[in-house]
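Take a look at the structure below.
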Amino acid sequence: MRFIEVADGLRFRFPGQSADFSAGVEIGALAVTMSFNLPEFHRAFGAANVEQARELAEALGYRVTAGPEIDGAVSLGFCRHHAKAMLRLVV
């Protein structure tokens, strides 16, 4: 059983619950955080949830960077995609 980070400095663990339950909580907390449209944030995820977190992030317009895996957890950084500037000829 490991701690699940739901916000900066706020971690929970769920004794007696399965790994699937913990994965659902992690991804649910990520979805809620992304709904706030923060420009950038970081969270720790179980290594098994990294791919699902990446897919959700990309679908909601975030870029993801990953740190090393430490004790089964990976630190992910999330950054909003910014629209590319459109160039126009001004005469």
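I need to check one value: relative contact order of the chain, counting alpha carbon pairs closer than 8 Å and at least 6 residues apart, in percent. Don't skip to the end; give the middle numbers.
Details: 107 pairs, mean separation 22.0, N = 91.
RCO, the chain: 24 percent.
Taking 0.36 nm per residue of sequence separation and subtracting the Cα-Cα distance, how much length would be gained by fully extending the chain between E51 and F21, in nm to one decimal? Present the calculation step by step, with values, prior to reporting the outcome.
Numbers: separation 30, 0.36 × 30 = 10.80 nm, distance 1.67 nm.
Here the segment from E51 to F21 would lengthen by 9.1 nm.
For the chain, give the percent of accessible area contributed by carbon and sulfur heavy atoms, probe 1.4 Å, rounded to a whole number.
On the way: 3680 of 6400 Å².
Carbon plus sulfur share of accessible area: 57 percent.
Tell me what the chain gives for mean residue ellipticity at 222 nm when only DSSP H runs of n ≥ 4 count, each as -39,500 (n - 2.57), the sum divided by the residue total, rounded to 500 deg cm²/dmol. List each step's numbers first, then the result.
Values: 2 runs with 27 residues, N = 91.
Computed ellipticity for the chain at 222 nm equals -9500 deg cm²/dmol.
Report the calculated FRET efficiency for R11 and I70 (r = Cβ-Cβ distance, R0 = 22 Å), to the nearest 0.05.
On the way: r = 15 Å, r/R0 = 0.67.
The computed FRET efficiency comes out at 0.90.
If I fit a long axis through the Cα atoms of helix 19-35 and take the longest principal axis of the Cα atoms of the chain, what angle between them do I get, 0 to 90°, rounded to 10?
The two axes meet at around 30 degrees.
Using the heavy atoms of the protein chains and a 1.4 angstrom probe, tell me the accessible area per residue for the chain in square angstrom. Could you put the intermediate results ahead of the total?
Values: 6400 Å² over 91 residues.
Heavy-atom accessible area per residue stands at 70 Å².
Convex hull over the Cα atoms of the chain, averaged projected area in nm²? Each step should come with its number before you reach the end.
Values: hull surface 28.9 nm².
Averaged projected hull area, Cα only: 7.2 nm².
Compute the whole-percent fraction of alpha carbon pairs in the range 49-91 spaced more than 17 Å apart. Before the final figure, lay out each step's value.
Working: 419 of 903 pairs.
So the pairs more than 17 Å apart make up 46 percent of the total in the range 49-91.
The values are calculated or read from the model by the stated rules, or taken from the named source; none is laboratory data. For clarity, every value in this text was computed on a predicted model and none was experimentally measured. In this analysis, Cβ positions are derived from the backbone assuming ideal geometry, glycine residues included, and neighbour counts consider all displayed protein chains. Note: areas computed on protein heavy atoms with side chains; ligands, DNA, RNA excluded. Shrake-Rupley method; radii C 1.70, N 1.55, O 1.52, S 1.80 Å.
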